[in-house]
Amino acid sequence: MKVLCYSSFTFSYLNRARVLFRTLRRFHPEWELVALITDEPPPGFVFRAPDEPFDRVVWAHELGIPDYRSWLFKHDVVEVCTAVKGPFIHQACASGGDAVIYLDPDTALLASLDPLVELLESHDIVLTPHLIEPNDQPMAILDNDLSASRTGIFNLGFVAIRTTGEGARFAKWWNDRLLSYCYDDIPAGLFVDQRWCDHVPALFDKVKVLRDPGYNVASWNLSTREVAVGKDGAITVNGQPLRFWHFTKLGATADIMTKRYAGANFPVYEIWHWYRREVAAGTDPAIPERYWAFGAYQDGAPIEKAHRELYRERADLQAAFPDPFVSGPAGYQAWLAREGPSAAA
């Protein structure tokens, strides 16, 4: 089976993406690995794609999204990096391959995904739930069960599809939804790309809900997953091979949640120590922390989330300012300044 695997990120996550793609290359040198980047290289950083551990780069502006600059402005960095996943996976269905797999840049393989590829022989869509076992402790229910209820039953740091049949139909549907409705707006029933996929088992056939504990291990499911290392060095989760880990929220938040739910499960900390070392080795000091080229107006002033929300809610502003990033007296930024704080209230 010809497999394309991609990840969506900005340059501030290049260090994590390097770890992901190196582990993919180790276990699946036969796959085509694609970096989907919604960004521009920061000043002082020379990006040499041929030196990176992926086969090619697709820039978000190459996806053919109508009114791209206007569309991009409507999203913050998390929203847009998830929104572009839909157009890419839809277009990849016409690339001649058999399957497309998406993995978040902060995931890493610890073993082969050959069993997943075998699942795609008989299923067109594969998803992993946040939880595969019920929690019974109040803290875990509050942290994990209710969080999944708000943000989505399935974690879309991973999805795998066949490029034909129901997989292709899903890709077109997800493309359409994410182009128009990929925002972090939980009160409105949206959490970027994830909440949409709650509908997948009802809307599509040949869907596999993958309940193997070795896939998509993360802080939100450690309360029900025991990690062990055998004498041969093989890592297992609840007795099954550890396939990939989702190292979400690297830093203080991850430390708190990991300690809370790993407890004395010491292999978890060793895996995290390994990941931190790998990320540090892949970090380029020329890339500022939290850098994103589209986080500011042309003159360098930061774009407030309220500015983006107002713009996406008003068709008249979109028509008047087709490139809202532009600074100057005729731009959206200047209009906001003239209208005052009430314009973005």
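Restriction of the trypsin sites (Lys or Arg not before Pro) in the stretch 1-37 to DSSP coil positions whose beta-carbon has at most 14 other beta-carbons within 10 angstrom yields 2.
Once you have the Cα-Cα distance between residue 273 and residue 25, take 0.36 nm times their residue separation minus that, and quote the gain in nm to one decimal.
87.2 nm is the gain from fully extending residue 273 to residue 25.
Backbone N atoms of the stretch 28-67 closer than 14 Å to the 7 Å Cα→Cβ label point of residue 293 belong to residues 36-49, 57-63. Could you tell me the relative contact order of the stretch 1-106? Use alpha-carbon pairs under 8 Å, at least six residues apart, and round to a whole percent. Reported as a whole number, the value is 44 percent.
For the chain, a crude dipole built from +1 on the beta carbon of Lys and Arg and -1 on the beta carbon of Asp and Glu, taken about the Cα centre, is about 280 debye to the nearest 20.
When the charge dipole of the chain is built from unit charges on Cβ atoms (+1 for Lys and Arg, -1 for Asp and Glu) and taken about the Cα centre, the candidate among 257, 197, 4 whose Cα reaches farthest toward its positive end is 257.
About its Cα centre, the dipole of the stretch 297-344 is roughly 60 debye, where the only charges are +1 on Lys and Arg Cβ and -1 on Asp and Glu Cβ. Dividing the mean sequence gap of close Cα pairs (under 8 Å, 6+ apart) by how many residues the stretch 297-344 holds gives a relative contact order of 34 percent.
In this calculation the C-beta distance from residue 133 to residue 330 is compared with R0 = 56 Å, giving a FRET efficiency of 0.45.
If you stretched the chain out fully between residue 211 and residue 338, how much longer would it get, using 0.36 nm times the residue separation minus the C-alpha to C-alpha distance?
Numbers: separation 127, 0.36 × 127 = 45.72 nm, distance 5.43 nm.
Once the chain is fully extended between residue 211 and residue 338, it gains 40.3 nm.
Averaging the sequence gap over all C-alpha pairs within less than 8 Å and six or more residues apart, then dividing by the number of residues, gives the chain a relative contact order of 21 percent.
Assuming R0 = 25 Å, can you tell me the calculated FRET efficiency for the pair residue 226 and residue 184, based on Cβ-Cβ distance, to the nearest 0.05? Each step should come with its number before you reach the end.
Numbers: r = 33 Å, r/R0 = 1.30.
After rounding, the FRET efficiency stands at 0.15.
The sum of -39500 (n - 2.57) across all DSSP H runs of n ≥ 4, divided by the residue count of the chain, sets its helix-only mean residue ellipticity at 222 nm to -9500 deg cm²/dmol. Toward the positive end of the charge dipole of the stretch 22-181, with +1 on the Cβ of Lys and Arg and -1 on the Cβ of Asp and Glu, the farthest Cα among 45, 111, 131 is that of 45.
Any read-out appearing in this document is the output of simple, stated calculations on the displayed coordinates, not a laboratory observation. Here the structure is a predicted model, which is why all the values come from computation and not from measurement. Note that we place each Cβ from the backbone using ideal geometry, even for glycine, and neighbour counts take in every protein chain shown.
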